[in-house]
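The values are calculated or read from the model by the stated rules, or taken from the named source; none is laboratory data. Bear in mind that the values here come from a model prediction, so they are computed numbers and not experimental data. Neighbour counts run over all protein chains shown; Cβ positions are idealised from the backbone, glycine included.
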Amino acid sequence: MTSRYLDYSGNMDGELRMPGKDKHFQNTEDRTDSGLDSLKDEDYNRIVSGVQNLCIPVSATPQDYEPEPWKVQNNEDGDTLLHLAVIHEAKDLAEEAIRRSYRDGYYLNRQNNLYQTPLHLAIITEQAEIAEKLLQAGCDPEIRDYRGNTALHIACQRGSLRGVGVIVQYSKFQLPSLLTCYNYDGHTCLHLASNNGYLAIVEHLISLGADINAQEPCNGRTALHMAVDKQNPDLMYLLLKHGADVNKVTYQGYSPCQLTWGRENSQIQQHLLSVTEKSLQYLPESEDEDSSDSESEHSDDEYMYDDCKLMCQGLN
């Protein structure tokens, strides 16, 4: 397919025309004083030649897209040849399929029955080299699977530092969106890395601009609340070092410090007590007076959280 270019009048015939006029550039006598008169003839001719040879490729649209026969085939699970090559780690076959699909977004972004693209599968199978080639070929890193996870979500959840690095390197324009994207459980990439204790990934995401105080939509926990829940002092110190808000409360009104009561790690509790506002250091009196009521409320919160997760999935 030969490349075409638009001329100034919007025609596709490849002939350079004056703006708003249906005539060719034949001489320079009628030009306005744009500074071109001061150019030498050879410089002027070189500029005109460059403009005439300027080509703007016309991307394929769904209407005129005619894929090769092997690109439209898939099995009962919705997996294409490229999906299967990645799943079975047939590197040579995967690379050849990617090479023959360069800038073919229709094929590179095909989703199987679980809405997984080849990029999702490359991250799941720890094939950073294949993920890199997919991104170089033009796949979309923002596509989400049936759980609302982008490939970056999966890399953060699995603790794949190489996977995170590759996606970040080739997704500079999409990165702000990727960092703020919630999956269907209400987790950002930072939430997943924090919840699983992958400190290097947590720090890397923060350095890239991830919101350290982002709250889960269902209950309002931040990464710092998760550090308390997971009893992870190293994560707590890391988050505080990078400016996590110790006074941020959940939608039920609990600060990270308040969540330390009744938990074993006194190191976390003592440090949070020293940096948290006094009004947010201790549990409300009603909770201290009746622990059984507290347990009942906790169960209700869990039910509410599960219902909220289902609602989030339905909305997405």
Point to revise | Meets criteria (of a type outside the set (Val, Ile, Thr), at pLDDT below 95 and within 19 Å of Thr80 (Cα to Cα)) for Tyr106 | key: yes
Point to revise | Search result, residues across the range 169-198 that are in a helix (DSSP H, G or I) and either among the aromatic types (Phe, Trp, Tyr) or farther than 16 Å from Gln136 by Cα (or both) | key: Pro176, Ser177, Leu178, Leu179, Thr180, Cys189, Leu190, His191, Leu192, Ala193, Ser194, Asn195
Practice item. Just need a number here: residues in the range 220-247 that are buried (at least 18 other Cβ atoms within 10 Å of the Cβ) and not small (Gly, Ala, Ser). Key: 13
Revision key, fill the gap. The helices (runs of 4 or more DSSP H) lying wholly within the range 199-280 that contain at least 1 residues that are assigned by TED's automatic domain parsing to the domain that holds Cys189 are 199-208
Revision key, fill the gap. Given (1) in contact (Cβ under 8 Å) with a residue 60 or more places away in the chain; (2) out of contact with any Cys (no Cβ under 8 Å at 6 or more places or on another chain), Tyr184 misses just (2)
